[in-house]
Amino acid sequence: MRRTIQSKVTPQWLKNRGACLVPSDPGVQWYKKQKDRSPLVLLAHLKAEDHLDWANWLVARLLTPDQCVQYAIFAAESVLYIYEGKYPKDDRPREAIEAAKVYPRLKTVSAAYAAAYAAYAAADAAYAAARTASAAGYQETLDKIIDYGISLIGQKEG
């Protein structure tokens, strides 16, 4: 069975997911200018206009919980080498990624929370290191991560 993806990103949908809806916010102003508000079109525009942080936010909210764990693992692994280069004795991000990979086999609520926490903690640590790298490298890596997230959207559940 295919998962039905959100057909349109509405203000209510954004509000329900914690988006900042202050009219003066640049993201809100950008959103209001969009004629086609289907998720994949919005993501294409966000990427084309180098709003990669916004695209990343949207991807994460379009994914199922299981896909979010996959996405976070992919993101963390994509930048882990930067973190490990800067902090070679700190194994916590790598250990968190490995813990998150266990989730699909366990499929319990506690495992899901642990996996999500571990994956996002690893991704945050690795992103912090990536941000200290070159801006071009950061943009290129984030673009690759977003592409992976987009590929997950609408995939078969299972």
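Quick grid of which residues meet (1) farther than 30 Å from GLY137 by Cα; (2) surrounded by 12 or more Cβ atoms within 10 Å (Cβ to Cβ); (3) hydrophobic (A, V, I, L, M, F, W, C):
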site	(1), (2), (3)
SER7	yes, no, no
PRO26	no, no, no
PRO39	no, yes, no
LEU42	no, yes, yes
ALA48	no, no, yes
LEU58	no, yes, yes
Checklist outcome for this item: By residue number, the members of the range 22-78 that are in contact with a Lys or Arg (Cβ under 7 Å, 6 or more places away or on another chain), part of a loop (DSSP other than H, G, I, E, B) and β-branched (Val, Ile, Thr) are THR64
Item to check | Residue ID - modelled with the lowest pLDDT, chosen from residues in the range 130-149 that are surrounded by 19 or more Cβ atoms within 10 Å (Cβ to Cβ) and not hydroxyl-bearing (Ser, Thr, Tyr) | outcome: ALA130
Checklist entry - When you go through LEU21, LEU52, LEU43 one by one, which is the residue that is within 20 Å of GLY154 (Cβ to Cβ), of a type outside the set (Phe, Trp, Tyr) and modelled with pLDDT of 85 or more? => result LEU43
Checklist entry - Given the conditions (1) at pLDDT 90 or above; (2) part of a loop (DSSP other than H, G, I, E, B); (3) of a type in the set (Gly, Ala, Ser), and given that SER7 satisfies all but one, which numbered condition is not satisfied? => result (1)
Next on the checklist: Looking at TYR83, TYR71, can you tell me which residue is surrounded by 13 or more Cβ atoms within 10 Å (Cβ to Cβ) and more than 13 Å from the chain's Cα centre (by Cα)?
Outcome noted: TYR83
Checklist entry - Which of the residues spanning the range 5-55 are of a type outside the set (A, V, I, L, M, F, W, C) and either in contact (Cβ under 8 Å) with a residue 60 or more places away in the chain or in contact with a Cys (Cβ under 6 Å, 6 or more places away or on another chain) (or both)? => result PRO39, LYS47, ASP50, ASP53
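The values are calculated or read from the model by the stated rules, or taken from the named source; none is laboratory data. The structure presented is a predicted model; accordingly, all values stated were derived computationally and were not measured. No Cβ is skipped: glycine too gets one built from the backbone with ideal geometry, and neighbour counts run over all protein chains shown.
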